[in-house]
């Protein structure tokens with residue numbers, strides 16, 4: 001092994017430093033400052049599911065915000081979006097890496113028959129090792145366009161992750177609110193069942209005493225059967241909603257707590273955007289960034305190559321021995337069949353398609369958002385009216401019970417009063433559910449559902 005002078009070792013050291021430190025233009029704005037330029041030095045570790053926090057103690061209601069905070073990190077849709085976001089970041093690192101140099105170490109061994117002047121035919125063996133650096137300084141703007149597009153893709157992936165959290169939260173919240181709706185209906189149904197059961201027993205006693213006819217007893221039994229069926233149906237709906245929620249979150253939800261959502265401010269209705277819309281717009285920006293300017297079709301490809309020989313055991317030795325060299329090459333490629341023009345045109349069409357898709361998504365979201373205002377307004381007005389009607393029917397039912405006991409009101413009239421009161425209570429529960437569901441959908445379409453639930457954006 002020949003001894004190398006100090007100045008010969010300086011060149012390989014410079015090459016190593018050049019490969020390690022990226023150019024200033026290659027640094028991404030969103031890249032962490034402490035991230036190494038060579039990602040392969042830090043291989044990724046397999047994804048591990050985060051530990052699920054335990055549910056609250058038995059008998060304690062679990063708020064929707066607490067349930068989502070416990071479930072969202074393990075939700076499959078969120079995990080898919082997170083993995084895709086990480087993959088997009090790796091593609092950005094690949095695009096950034098293309099702006100920097102590549103370091104290589106080459107070792108070659110061979111044997112050949114050659115002819116030298118004054119010596120004739122000889123057999124020469126070669127055992128050579130060299131260190132080199134290749135750097136594509138300019139590639140007709142392709143690498144920088146790809147890096148700009150990759151950075152937009154990463155921003156779009158962030159919004160896709162936000163969208164996944166919003167979609168999963170809305171899907172779970174819908175089932176949670178549906179369970180609240182059924183429980184709100186169960187209360188009046190249970191009150192009605194208890195009242196009708198008491199009335200049926202009272203009428204049976206009156207019939208046994210000869211104070212009421214058999215027809216009244218039959219009518220009371222029929223009303224009791226109707227109340228029992230309605231109550232059992234709601235119990236089945238509650239079991240179904242509870243099972244659906246448990247399947248969605250992967251764990252049993254014992255008790256639920258009421259959800260209160262404030263009206264959405266007008267400024268949020270005008271300016272709020274969900275992750276779906278933001279992701280589509282950023283994808284369109286990424287496609288537009290990848291479209292090269294027309295002047296790039298005439299630009300050259302510029303490459304720099306540097307080599308430093310580390311050892312050379314050529315035998316017989318050559319007359320001259322090259323220790324190091326460098327070269328700067330500029331090359332213009334003009335495909336005669338129009339490949340470069342077609343590639344640029346393809347990028348333009350893809351950008352136009354992405355922009356049109358972003359407009360379509362924004363238009364769809366805006367149309368859905370505009371349709372919710374009238375539904376929310378009528379639900380708010382209906383709740384006020386139904387609350388007043390419930391108070392009136394509470395008074396009518398109490399008066400009807402007193403009049404029935406005094407013999408001044410028939411059994412049929414009392415049953416009709418209670419059925420009317422029950423119908424209004426059910427309508428009130430339906431309107432409250434409709435108002436809550438529409439407000440929740442309104443928050444989702446403006447990208448404010450998670451902040452409204454206290455989970456951040």
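The values are calculated or read from the model by the stated rules, or taken from the named source; none is laboratory data. Just so you know, these numbers come straight off a predicted model, no measurement behind them. Methodologically, a virtual Cβ is constructed for each residue, glycine included, from the backbone with ideal geometry; neighbour enumeration extends over all protein chains shown.
Numerical summary
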| item | result |
| --- | --- |
| Matching residues, region 209-252, being touching a residue at least 60 places away in the same chain (Cβ under 8 Å) and within 34 Å of the chain's Cα centre (by Cα) | 241, 242, 244, 245, 248, 249, 250, 251, 252 |
| Hits in region 404-425 (condition: out of contact with any helix residue (DSSP H, G or I) (no Cβ under 6 Å at 6 or more places or on another chain) and either under 19 Å from residue 381 (Cα atoms) or at pLDDT below 90 (or both)) | 405, 406, 407, 408, 410, 412, 413, 423 |
| Residue in region 426-457 that is modelled with the lowest pLDDT, counting only those that are in a loop (DSSP other than H, G, I, E, B) and surrounded by fewer than 18 Cβ atoms within 10 Å (Cβ to Cβ) | 457 |
| Residue 230 part of a helix (DSSP H, G or I) and more than 27 Å from residue 67 (Cβ to Cβ) | yes |
| Residue check for residue 239: assigned to a loop (DSSP other than H, G, I, E, B) and at negative phi | no |
| Residue under evaluation residue 255, criteria (1) in contact with a helix residue (DSSP H, G or I) (Cβ under 9 Å, 6 or more places away or on another chain); (2) surrounded by fewer than 17 Cβ atoms within 10 Å (Cβ to Cβ); (3) in contact (Cβ under 8 Å) with a residue 12 or more places away in the chain, criterion not met | (1) |
| Filter result for residue 287 (surrounded by 13 or more Cβ atoms within 10 Å (Cβ to Cβ), within 30 Å of residue 58 (Cα to Cα), touching a helix residue (DSSP H, G or I) at 6+ places or on another chain (Cβ under 6 Å) and touching a residue at least 60 places away in the same chain (Cβ under 8 Å)) | no |
| Subset of region 349-402 (residues that are within 21 Å of residue 191 (Cβ to Cβ) and in contact (Cβ under 8 Å) with a residue 24 or more places away in the chain) | 383, 386, 387, 389, 390, 393, 394, 396, 397 |
| Selected residue (only one of 342, 354 is modelled with pLDDT of 90 or more, touching a helix residue (DSSP H, G or I) at 6+ places or on another chain (Cβ under 6 Å) and farther than 30 Å from residue 115 by Cβ) | 354 |
| Residue count, region 295-313 (criterion: within 22 Å of residue 127 (Cβ to Cβ) and assigned to a helix (DSSP H, G or I)) | 0 |
